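Notes to accompany the following structure.
The values are calculated or read from the model by the stated rules, or taken from the named source; none is laboratory data. What you see is a predicted model, and the numbers here were worked out from it, not measured in a lab. With ideal geometry, Cβ positions are generated from the backbone for all residues, glycine too; neighbour counts draw on all protein chains shown.
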Ligand code: HPA
């Protein structure tokens with residue numbers, strides 16, 4: 001039996017062998033539709049996640065699993081295209097495996113993106129939302145169980161899971177690029193069914209501005225590992241009951257595709273500025 005720690009070590013070692021002496025302290029986990037960002041990296045190298053030991057393989061069409069490394073401008077990054085979701089039947093350890101491996105590879109700054117339904121009535125499909133905080137309604141937590149007392153805190157603080165400095169950087173970058181960047185609280189449910197209209201009203205009352213089925217587990221693990229996290233959602237649709245038609249994955253993908261260039265531009269700008277103000 002492999003412990004989670006040894007699986008993470010084996011996966012990280014296999015990636016190191018593939019990518020040679022490449023090093024990066026910035027990682028991006030991209031939601032569907034942001035593939036071009038990874039395709040445009042300078043000095044790009046890619047590995048199919050299926051070939052990495054212990055890596056859970058995605059079952060959702062359009063979520064190709066690939067880990068890419070290269071430079072965005074002058075900044076070396078790891079980019080993960082295609083996460084796996086809890087609703088696919090994976091355990092939380094599997095859903096967050098990528099974060100633990102990125103951490104093992106030296107990532108200290110993690111950018112996460114996703115598609116989300118808009119709960120805030122002021123949001124429109126195609127808006128980008130800087131995640132300011134989250135509400136975990138998955139009914140579980142990725143930190144349950146596995147715990148490495150030498151490396152981790154059992155009870156991580158969650159008062160600022162989304163790094164205030166990185167949030168400021170995102171706001172300044174969006175302004176400079178004339179991209180409208182909303183801000184709000186991301187609620188997460190397991191999915192895969194979309195919310196009912198009543199659930200959407202509940203999520204609004206609870207303080208959510210957008211709702212998704214991913215990202216939050218990865219962020220919780222990243223925070224436990226001491227990473228600085230930036231999260232941006234693409235509001236692909238008004239949540240159930242707030243729009244005029246039933247929801248479909250097709251609509252989600254279409255909006256994500258429409259906004260892709262803007263989203264890639266914003267992320268490129270943010271990472272570029274990280275390089276400029278290197279810590
Ligand atoms: N709800 C949950 N997850 C989503 C949605 C939604 O409306 N749109 C995209 N991901």
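Kindly evaluate residue 268 against the criterion of being touching a residue at least 24 places away in the same chain (Cβ under 8 Å) and closer than 23 Å to residue 121 by Cβ.
Values: touching a residue at least 24 places away in the same chain (Cβ under 8 Å): yes; closer than 23 Å to residue 121 by Cβ: no.
Here the answer is no, as residue 268 does not meet what is asked.
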Residues that are part of a loop (DSSP other than H, G, I, E, B) and touching a strand residue (DSSP E or B) at 6+ places or on another chain (Cβ under 8 Å), drawn from region 189-221: 189, 194, 195, 207, 208, 209, 213, 214, 215
Residue in region 145-154 that is in contact (Cβ under 8 Å) with a residue 60 or more places away in the chain and within 19 Å of the chain's Cα centre (by Cα) present: no
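Among 119, 137, 130, 186, which is away from the ligand (no atom under 12 Å from the Cβ) and either crowded, with 16+ Cβ neighbours inside 10 Å or over 19 Å from residue 215 (Cβ atoms) (or both)?
Details: 119 fails: away from the ligand (no atom under 12 Å from the Cβ); 137 fails: away from the ligand (no atom under 12 Å from the Cβ); 186 fails: away from the ligand (no atom under 12 Å from the Cβ).
Every option except 130 fails the conditions.
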Near pairs, Cβ below 8 angstrom, 6+ apart or cross-chain, from region 241-255 (at positive phi) to any residue that is surrounded by 14 or more Cβ atoms within 10 Å (Cβ to Cβ): 241/200; 241/201
Odd one out for residue 230, checked against (1) away from the ligand (no atom under 16 Å from the Cβ); (2) part of a helix (DSSP H, G or I); (3) buried (at least 16 other Cβ atoms within 10 Å of the Cβ): (2)
For residue 244: the one exception among (1) under 23 Å from residue 86 (Cα atoms); (2) in a loop (DSSP other than H, G, I, E, B); (3) away from the ligand (no atom under 12 Å from the Cβ): (1)
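Being more than 10 Å from the ligand (Cβ to nearest atom), under 27 Å from residue 98 (Cβ atoms) and part of a helix (DSSP H, G or I) narrows it down to one of 174, 160, 256, so name that one. Write out each step before concluding.
On the way: 160 fails: part of a helix (DSSP H, G or I); 256 fails: more than 10 Å from the ligand (Cβ to nearest atom).
Exactly one residue qualifies, and that residue is 174.
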Odd one out for residue 170 among (1) at pLDDT 95 or above; (2) out of contact with any helix residue (DSSP H, G or I) (no Cβ under 8 Å at 6 or more places or on another chain): (2)
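Scan region 233-241 and tell me whether some residue there is over 22 Å from the mean Cα position of the chain (by Cα), assigned to a helix (DSSP H, G or I), farther than 18 Å from residue 131 by Cα and within 14 Å of the ligand (Cβ to nearest atom).
no
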Within region 203-221, considering residues that are within 12 Å of the ligand (Cβ to nearest atom) and under 14 Å from the mean Cα position of the chain (by Cα), the one surrounded by the fewest Cβ atoms within 10 Å (Cβ to Cβ): 213
Flag for residue 32 being touching a strand residue (DSSP E or B) at 6+ places or on another chain (Cβ under 8 Å), under 19 Å from residue 258 (Cα atoms) and surrounded by fewer than 17 Cβ atoms within 10 Å (Cβ to Cβ): no
